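Below is the structure I would like to discuss, written out as structure tokens.
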Amino acid sequence: MKTWFDILLNKYTDKIKIKEYKSNDIIFNEDDNCQEVCIVLKGQIIISTITYLEKEEIINIINEKEVFGDLLIFSSNHKYLGNVISGKKSSVAIIKKNDLIDCLMIDKELLSLFLNSISNKALDIKLQAKLFSHKNIEDRIMYYLSIRQINNIVKFYVLYIVFVICFKHNI
């Protein structure tokens, strides 16, 4: 399936800068302004934050052929929510906001695929929020299974495991 960044990487190479990062290189710091969209061509990028108790928590892991910055760049608060670090040797394609806007304005297919991509990401976030709004584990599991459209046999097996765990722990 063709993605918006496939079009960008093939058609608008003059607008893209490729950067190489070693493992543990800091790409962006928490609270830096997001002024570009980044596509992981090779490697892995980790977004993490340090809690008030000085514990590192991973917010997101971005793998090859995945994108970051796409949801932040056009938001009213476009600051990174964590440190963006190369988890291993990585190659990242970077396009500046204004260059992306220029490309989106002249290429309807690119625009449509980009909007579809960020809309799907926003929908996934809403589905996660709904999942965590369920108060008990059984409701969460059933909701998760329903949105993932897993067949009835797998649903039954997972429910059985949950039942056994709950029974053993008197939940």
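Using the Cα atoms of the stretch 6-79, I'd like the radius of gyration and the largest Cα-Cα distance, Dmax, both in angstrom.
According to the Cα coordinates of the stretch 6-79, Rg and Dmax are 13.7, 46 Å.
Holding the Cα-Cα limit at 30 Å, pick out from K19/K79; K96/K135; K55/K79; K15/K65; K42/K121; K15/K130 the pairs that are longer than that.
Violating the 30 Å Cα-Cα cut-off are K96/K135; K15/K130.
I would also like to ask the following. I'd like the Karplus ³J(HN,Hα) series for the stretch 51-56: coefficients 6.51, -1.76, 1.60, θ = phi - 60°, whole numbers in Hz, and an x wherever there's a Gly or Pro.
The phi angles translate into 6, 5, 8, 6, 10, 7 Hz.
Give, in whole angstrom and from largest to smallest, the semi-axes √(5λ) of the equivalent ellipsoid of the stretch 28-68, with λ running over the eigenvalues of the Cα gyration tensor.
With the √(5λ) rule applied to the stretch 28-68, the semi-axes are 22, 14, 6 Å.
Which whole-number percentage describes the relative contact order of the stretch 28-118, with Cα contacts under 8 Å and a sequence gap of 6 or more?
Relative contact order for the stretch 28-118 comes out at 39 percent.
For the stretch 1-70, calculate the relative contact order in percent as a whole number, restricting contacts to Cα pairs under 8 Å that are 6 or more residues apart.
Over the stretch 1-70, the number comes to 28 percent.
Per residue and in Å³, how big is the convex hull formed by the alpha-carbon atoms of the stretch 1-133?
So the per-residue Cα hull volume is 122 Å³.
Suppose every K and R has +1 on its Cβ and every D and E has -1 on its Cβ; what is the size of the dipole of the stretch 1-123 about the Cα centre, in Debye to the nearest 20?
Using Cβ point charges on Lys, Arg, Asp and Glu, the stretch 1-123 gives about 320 debye.
Any idea what % of Cα-Cα pairs in the stretch 83-133 are farther than 17 Å? Don't skip to the answer; put the middle values down first.
Working: 763 of 1275 pairs.
The proportion of pairs with Cα distances above 17 Å equals 60 percent.
Show the residues, 5+ positions off or on another chain, whose built amide H is closer than 5 Å to the amide H of D25.
Result for D25 returns S86.
So what are the ³J(HN,Hα) numbers for the stretch 68-85, from phi and the Karplus equation (6.51, -1.76, 1.60; θ = phi - 60°), rounded to whole Hz, Gly and Pro as x?
Each residue of the stretch 68-85 in turn: 9, x, 5, 7, 7, 4, 9, 7, 6, 10, 9, 9, 4, 7, x, 6, 9, 10 Hz.
So who's got an amide H within less than 5 Å of the one on E66, skipping anything under 5 residues away but keeping other chains? H placed 1.01 Å off N, in plane.
Amide H neighbours of E66, under 5 Å, 5+ apart: V40.
Coordinate-derived values only; no laboratory data. Just so it is clear, the structure is predicted and the values come from calculations on it, not from any experiment. In this analysis, Cβ positions are derived from the backbone assuming ideal geometry, glycine residues included, and neighbour counts consider all displayed protein chains.
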